[in-house]
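Input: a single structure, listed below in structure tokens.
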Amino acid sequence: MGRPSENLRSGYTTGACATAAAKGALLALIYQQVFEEVSIRLPQGQRVNFPLYTCSFTPDEGQASVIKDAGDDPDVTDKAEICVRVAWSQAPGVTFRRGPGVGLVTKRGLPVPPGEPAINPAPRRMIAEALQEVLDEAGRPPTGMMVEIAVPGGEEMARKTFNPRLGIVGGISILGTTGIVTPYSTTAWLASVVQSIDVAAAQGCRHLVLTVGARGERTARQLFALPEEAFIQIGPFFADALRHCRQVGIAKVSLVAMIGKLAKFAAGKESVHSTTSVQDFAFLARIAQEAGAPEELLPRIRTANTAQEVAEMIAAAGHPAFFSRLCQEAWMFARGIVGEALSVEILLTGVAGELLGRFPRNAEQPTDKGE
């Protein structure tokens, strides 16, 4: 089971940290003095105080930074220094620039267009509102401002994220819709899956290959010759990923998984996360029976420890039809989720990357060159 979230400490997003640093930088610029702490309003209305790690000024610009505290969430950007430089600009409103360690968007399908810094819309709004608050309190009329965000070491951090595949180069993204990081929340994880699908659709991919993780993707790449963007790691979010593929107009999905996750999905579980779903061994025994497995094998399947153990039993007994039936059950459940608007095929792979089962069997064979 997952760690109990009520015992874990929440943290703040890169967007919230950038907002606090931006406010500190503008305060330093206007008042020509160093500030140690700022208060910002998060999108849901609560006010939060942030200590400034650095703060400096010249007559022309202010600079400040905040050390990101992700709480108890395992986040690659935890303890990163989010640095912001603010200067007056002749362009109206707030103009955003990327400093070292902040990514550049190069592909369509993301919340900001190609050529822009990877600073998402919600943090942009938060920063603009915080800066306007400073201007209002200082009695200054609206004026143009340039905001440059930098993250030392951000390019290295980004290599541990999906940014390179999404076409975000040179650093991390400034993210966060609420400003708060919930420890072990699946929200950000699912959001990255949805974003990956959006990018693939924007690149014109009509056939996507969904895998649980990196291991499954390595196997899938041996089966399908498709662009990099077409391979999407969906984690446990089988149903959510399929629905989003249908929503954005994907024509075909190949779902490639090993038996542990696929058996849960075939048994009717939309999410196959280990903390929210359990293996249904009675279901697996029924599938085995329908595939012609001997009666004496069924009690062993019902009391098995893992689905992989079941797969090994079936293989040893010489009943490969079980794997095809399992794929068919998964296909039927998928069709119930997305209907006929999205063509779905299911591929079951083994621990060595071998193809154990596939449905529909009359679909074009793997290694197709799909568009």
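So here's what we get for this one:
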item	result
Point-to-point label distance, His273-Trp189, nm (Cα→Cβ direction, 7 Å offset)	0.5
Correct option for Cα extents along the principal axes in Å [calculated from the coordinates] among (i) 73, 64, 47; (ii) 62, 43, 40; (iii) 83, 45, 32	(iii)
Nearest-20 debye value, the range 139-294 charge dipole, Cβ charges on Lys, Arg, Asp, Glu	240
Selection of trypsin sites (Lys or Arg not before Pro), the range 1-102, meeting DSSP coil and at most 15 other Cβ within 10 Å	Arg9, Lys79
Inter-site label distance for Asp60 and Lys79 at 7 Å from Cα along Cβ, in nm	3.6
Distance (nanometres) between label positions extended 7 Å along Cα→Cβ at Arg218 and Glu354	1.8
Charge dipole (debye, nearest 20) of the chain; +1 at Cβ of Lys and Arg, -1 at Cβ of Asp and Glu	560
Hits among lysines - C-alpha to C-alpha of Lys264 under 26 Å, sequence gap 8 or more where chains match	Lys252
Sum of -39500 (n - 2.57) over DSSP H runs of 4+, divided by residues of the chain (222 nm, nearest 500)	-11000 deg cm²/dmol
Förster radius 30 Å - calculated FRET efficiency between Gln132 and Arg165 (Cβ-Cβ, nearest 0.05)	0.25
Segment Glu156-Ile30, extension gain: residue separation times 0.36 nm, minus the distance between their alpha carbons	42.0 nm
Distant-in-sequence amide H partners of Gly144 (H built 1.01 Å from N, under 5 Å)	Ser89, Gly93
Contact order normalised by residue count of the range 5-181, Cα under 8 Å, 6+ apart, percent	29
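Every read-out reported here was derived from the displayed coordinates using simple, explicitly stated rules and does not represent laboratory data. Keep in mind that this is a model prediction, so the values were computed, not measured. Cβ: placed from backbone, ideal geometry, glycine included. Neighbour counts: every protein chain shown.
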